[in-house]
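Structure, as structure tokens:
The values are calculated or read from the model by the stated rules, or taken from the named source; none is laboratory data. Note that the structure is a prediction, hence the values are computed from the model and not measured. Positions of Cβ are backbone-derived with ideal geometry, glycine not excepted, and every protein chain shown enters the neighbour counts. With ligands, DNA and RNA removed, areas are computed over all heavy atoms of the protein, side chains included. Shrake-Rupley method; radii C 1.70, N 1.55, O 1.52, S 1.80 Å.
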Amino acid sequence: MASTESEVNQQTLTEEELAHRVAILKRFRELLLEQRNRFQEYLVVLDKQRDVIEKGDTDALLSHVELEEKIVSDIFAIQKVIDPLEDLYRASYPERETEVPKLKAALEELKNEAVQRSQRNRDLLSKRMDQLRSEIKTLRNNPFAARRSVYDNSGAASFVDIKG
């Protein structure tokens, strides 16, 4: 009878361990899917940001940069949770589960695409800034810009001495 109790305890422990493994796997998949969705959202923002840079709309660009910062912050926050969970996953599934590596590969592709698009936007923004600097320099070198208008009263006296 003692061996039967031992077998039951062994079986319960195995079921608990299995449940723990399944919970880790589910949570890990959920986080990877959430991370993938964040990267897809980030790619959409980067595409819209490119359009805004090309149009030169500074207010919209500021909004996109703020949204981009929030998404990137979310991506890093999720990654902080994924890293330790991935270690648990590797310990629980040494034989490797098939779906997670596919998710990780897709996530890596999205990450690379985001880096490329972000770099493209930075280059585009840099070109736009150079154009604006050139325009400002041209305006400063305009000989008519230094002249005063005949209607400009900034050189006129603003106080009159009435005491004499």
Could you check Arg128 against (1) under 16 Å from Ile53 (Cβ atoms); (2) exposed (fewer than 13 other Cβ atoms within 10 Å of the Cβ); (3) of a type outside the set (Ser, Thr, Tyr) and say which number it fails? (2)
Kindly indicate the residue of the range 23-35 that is open to solvent by 70 Å² or more (accessible area, probe 1.4 Å) and in contact (Cβ under 8 Å) with a residue 12 or more places away in the chain and also nearest to the chain's Cα centre (by Cα) among those meeting that condition. Glu34
Applying the selection to the range 39-60, what residues are over 28 Å from Leu107 (Cβ atoms), open to solvent by less than 70 Å² (accessible area, probe 1.4 Å) and in contact (Cβ under 8 Å) with a residue 40 or more places away in the chain? Gly56
